[in-house]
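This report refers to the structure that appears directly beneath it.
The values are calculated or read from the model by the stated rules, or taken from the named source; none is laboratory data. Being a predicted model, the structure only gives us computed values, none of them experimental. Cβ placement follows ideal geometry from the backbone for every residue including glycine, while neighbour counts extend to all protein chains displayed.
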Amino acid sequence: MGDSEAAATTEGAATAPSSSQPSGLDLIGLTKVFPGGTVAVDDVNLHVDHGEYVVLLGPSGCGKTTTLRMIGGHEFPSSGDIVLDGESLVDLEPDKRPTTTVFQHFALFPHRSVLDNVEFGLKMHGVGKGERRQEAMKALEMVGLESLADRKPRALSGGQQQRVALARVLVTKPKALLLDEPLGDLDRLLQLRMRVELRALQRQLGLMFIHVTHNQEEALSMADRIVVMNDARIQQVADPLTIATRPRNELVARFMGDNNLIRGKVVERTDTRVVVESDAGVRASAPTDEAGSPAVGERADLAVRAAAVRVSDAGGGEAATNSADCNVTFVEFLGDLVKLHLDVGGERMLAKVAGDQYPALRGREGDTVRVTWEEEDVQLLRQ
């Protein structure tokens with residue numbers, strides 16, 4: 001693994017506490033190669049603290065679900081280790097691990113009551129009927145469903161079924177809760193509500209949550225840290241603000257969406273900034289303090305957030321650095337904001353402005369506008 005890739009796996013990672021007793025979860029060189037040679041997970045290294053909400057984010061096939069399944073014991077790694085509080089988990093079956101998985105499809109027993117569903121895990125662990133009933137009711141109270149204990153799952157809404165699934169795993173008191181696309185089967189309104197409830201529950205319990213999703217908005221709204229994966233590797237680990245505003249490389253910038261990519265050659269460089277000119281003639285400058293930044297004449301990629309782009313009617317004269325004259329191709333009204341789809345020399349650009357600007361922008365397709373942005377909103381991407 002190259003230096004930049006190694007840095008990508010550790011950037012923003014929580015530091016394991018220094019003590020004689022290791023704490024938290026460590027993925028160490030975790031790799032999974034399926035029969036036929038398909039590499040699903042490639043040398044993943046990550047530390048997760050107890051009480052932390054971490055989201056594995058990426059497109060389908062990037063390795064995030066396979067990583068989660070290896071932590072839970074539903075897949076076994078080809079190499080590497082999974083260590084929780086100093087103990088390796090790789091040789092333990094799922095039911096022997098102090099982790100529990102909530103799957104996208106709630107997998108509730110339709111013929112059992114809500115209470116019976118929640119009791120099931122404790123029953124499998126040999127807990128007596130009286131104790132497991134008491135613990136199950138506590139878990140249902142935790143998710144606000146104690147009044148529905150006698151109902152069957154089919155009589156519940158999707159959100160209520162999700163809460164039952166959560167109660168069923170929480171009652172076993174795992175050290176880590178693994179969530180595999182937990183909101184994927186819910187409609188959008190339920191997803192929005194469950195995001196709030198799930199995050200509030202995690203804070204209340206102080207448990208380690210590791211959540212897999214391909215939904216960028218979901219990850220940004222819920223995570224303490226986001227682990228962006230692509231091509232079986234970790235591309236960037238950071239808090240949501242950093243992931244959204246400071247993508248590390250082109251893969252992260254493209255996947256997070258709403259980033260304008262300016263790809264071209266470096267035409268100026270100082271100790272604190274680089275200026276890149278794209279093939280379409282757009283010039284943008286980015287702050288940098290890295291000795292390894294590209295030199296004049298070398299290729300470089302910059303990212304500018306759509307929300308940082310300001311729009312005005314095209315002015316006279318040639319556009320300066322950090323500005324461009326663009327053709328409006330589509331005005332997309334989204335209620336509280338407007339996405340302005342733009343074209344400059346055949347290259348796509350995007351601006352996001354407040355929804356109250358829609359009356360002035362409606363019907364402007366085909367017009368030319370000038371867009372500008374500040375240097376501090378430009379990110380130099382790693383190659």
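Observations on the model:
- Residue among D325, D289, D271 that is more than 30 Å from the chain's Cα centre (by Cα), assigned by TED's automatic domain parsing to the domain that holds D367, outside any strand (DSSP E or B) and of a type in the set (D, E, K, R): D271
- Scope the range 88-111; condition assigned to a loop (DSSP other than H, G, I, E, B) and either surrounded by fewer than 18 Cβ atoms within 10 Å (Cβ to Cβ) or among the charged types (D, E, K, R) (or both); matching residues: V90, D91, L92, E93, R97, P98, F103, H105, A107, F109, P110, H111
- Only one entry in D271, D258, D313 is among the acidic types (D, E) and more than 30 Å from R362 (Cα to Cα), namely D271.
- Test: residue in the range 298-306 that is in a helix (DSSP H, G or I) and under 24 Å from the mean Cα position of the chain (by Cα): yes
- In the set (1) within 16 Å of G58 (Cα to Cα); (2) out of contact with any helix residue (DSSP H, G or I) (no Cβ under 7 Å at 6 or more places or on another chain); (3) surrounded by fewer than 19 Cβ atoms within 10 Å (Cβ to Cβ); (4) without any contact (Cβ under 8 Å) to a residue 24 or more places away in the chain, N215 fails one condition alone, (4).
A quick yes/no check of all residues on (1) modelled with pLDDT under 90; (2) of a type outside the set (K, R); (3) in contact with an Asp or Glu (Cβ under 7 Å, 6 or more places away or on another chain):
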{"residue": "T101", "(1), (2), (3)": "yes, yes, yes"}
{"residue": "G126", "(1), (2), (3)": "yes, yes, no"}
{"residue": "M137", "(1), (2), (3)": "no, yes, yes"}
{"residue": "L140", "(1), (2), (3)": "no, yes, yes"}
{"residue": "V143", "(1), (2), (3)": "yes, yes, no"}
{"residue": "S147", "(1), (2), (3)": "no, yes, no"}
{"residue": "R168", "(1), (2), (3)": "yes, no, no"}
{"residue": "D180", "(1), (2), (3)": "no, yes, no"}
{"residue": "L186", "(1), (2), (3)": "yes, yes, no"}
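- Pair list, Cβ < 6 Å and 6+ apart or interchain, from the range 177-196 residues that are within 12 Å of A219 (Cα to Cα) to residues that are part of a helix (DSSP H, G or I) and at pLDDT 85 or above: L183/Q191; L183/M194; R195/S221; R195/M222
- Tally, over the range 129-167, of residues that are crowded, with 16+ Cβ neighbours inside 10 Å, touching a residue at least 40 places away in the same chain (Cβ under 8 Å) and of a type outside the set (A, V, I, L, M): 4
- Per the listing G36, G24, G72, G63, the residue uniquely surrounded by fewer than 15 Cβ atoms within 10 Å (Cβ to Cβ) and assigned by TED's automatic domain parsing to the domain that holds R203 is G36.
- Checklist (1) at pLDDT below 95; (2) assigned to a strand (DSSP E or B) applied to K32, failing item: (1)
- The listed residue being touching a residue at least 40 places away in the same chain (Cβ under 8 Å) and more than 30 Å from L342 (Cβ to Cβ), out of V275, V237: V237
- Qualifying residue in the range 236-245 (condition: of a type in the set (A, V, I, L, M), in the same structural domain as T67 (by TED's automatic domain parsing) and over 17 Å from L56 (Cβ atoms)): yes
- The range 51-64 residues that are part of a loop (DSSP other than H, G, I, E, B), paired with ones that are surrounded by fewer than 24 Cβ atoms within 10 Å (Cβ to Cβ) and among the hydrophobic types (A, V, I, L, M, F, W, C) (beta carbon under 6 Å, 6 or more apart): E52/M208; G63/A40; G63/A232
- When the range 340-368 is limited to residues that are touching a Leu at 6+ places or on another chain (Cβ under 6 Å) and touching a residue at least 40 places away in the same chain (Cβ under 8 Å), the one that is surrounded by the fewest Cβ atoms within 10 Å (Cβ to Cβ) turns out to be K352.
- Residue match in the range 77-86 (condition: closer than 25 Å to E250 by Cα and among the polar types (S, T, N, Q)): no
- Looking only at residues of the range 39-60 that are among the small types (G, A, S) and buried (at least 17 other Cβ atoms within 10 Å of the Cβ), we find that the one that is nearest to L89 (Cα to Cα) is A40.
- Note on the range 218-250: among residues that are among the β-branched types (V, I, T) and buried (at least 22 other Cβ atoms within 10 Å of the Cβ), the one that is farthest from P77 (Cα to Cα) is I243.
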